[in-house]
Structure formats: C-alpha cells, structure tokens
Amino acid sequence: PDEEEPESGQLDSSAGRFVRYQFTPAFLRLRKVGATVEFTVGEKPVNSFRMIERHFFRDRILKTFDFDFGFCIPNSCNTCEHMYEFPQLSEDI
C-alpha cells in the first residue's frame, strides 16, 4: 500500500488542507508579500468552494482571510494571486 494511506486503505480527507511555512526574521520585516495559489478540481464540480487562511506567529493568530471562489468547473486548474500587507509586529513578539 501507498505510504501516505492509513493502514485501513482509506485516504485522509484532511490531506492537503493545511500548509505550514517557516519564515526567517527578515521575511517578517517585509511590508507586503504576494502569494499564488493553484488548485485543481476533480471530475465533479464544486458548487461553493471556500478557502479560509489564517496567519499565525508562534501560537498567536495575526490575520485571517476568507476567500469565496463560488462555483468551480470540473477538471479545471485554477490560480489566484493574493497580495498581503503584514500587520506591524512589536519587537517583543
């Protein structure tokens, strides 16, 4: 069996739902940053696709974004670009 599948042979439904990044202190001093997200849709349409993105620093949530993509066409590859302005972080964080 595939190493990513649990022993039961079923796929993990949350696989691919979370992305973790680690950035350098220099990155955190930037004012703005852009990110491109690409996702593909399988054989069935997605009637109401929503992506919630949360930015944390250590255990503290800094910002939340809620994106509503609406209807997504079956067998499509979709790309969206987001520009983020970072909140001002205090030196003690």
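Could you check the range 23-51 and list, in sequence order, the residues that are among the β-branched types (Val, Ile, Thr), surrounded by 10 or more Cβ atoms within 10 Å (Cβ to Cβ) and not in a strand (DSSP E or B)? Before the answer, list the steps.
Let us first name the residues in the range 23-51 that are among the β-branched types (Val, Ile, Thr), namely 24, 33, 36-37, 40-41, 46.
Among the residues that remain, those that are also surrounded by 10 or more Cβ atoms within 10 Å (Cβ to Cβ) are: 33, 37, 41, 46.
Correct list: 41 only.
Residues are listed down the side, and each one gets a yes or a no for (1) assigned to a strand (DSSP E or B); (2) in contact with a strand residue (DSSP E or B) (Cβ under 8 Å, 6 or more places away or on another chain); (3) loosely packed, with under 12 Cβ neighbours inside 10 Å:
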residue: 53; (1), (2), (3): yes, yes, no
residue: 67; (1), (2), (3): yes, yes, no
residue: 71; (1), (2), (3): yes, yes, yes
residue: 81; (1), (2), (3): yes, yes, yes
residue: 84; (1), (2), (3): yes, yes, no
residue: 87; (1), (2), (3): no, yes, yes
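Within the range 55-65, restricting attention to residues that are charged (D, E, K, R) and out of contact with any strand residue (DSSP E or B) (no Cβ under 9 Å at 6 or more places or on another chain), which residue is surrounded by the most Cβ atoms within 10 Å (Cβ to Cβ)?
Taking the range 55-65 first, the residues charged (D, E, K, R) are 58-60, 63.
Adding the requirement that they be out of contact with any strand residue (DSSP E or B) (no Cβ under 9 Å at 6 or more places or on another chain) leaves 58-60.
Numbers: 58: 6, 59: 5, 60: 9.
Of everything passing the filter in the range 55-65, 60 is surrounded by the most Cβ atoms within 10 Å (Cβ to Cβ).
Laboratory data are not the source of any read-out in this text; all were calculated from the coordinates shown. Small disclaimer: the values here were computed from a predicted structure and weren't measured. When we count neighbours, we look across all protein chains shown, and the Cβ atoms used for this are built from the backbone with ideal geometry, even at glycine.
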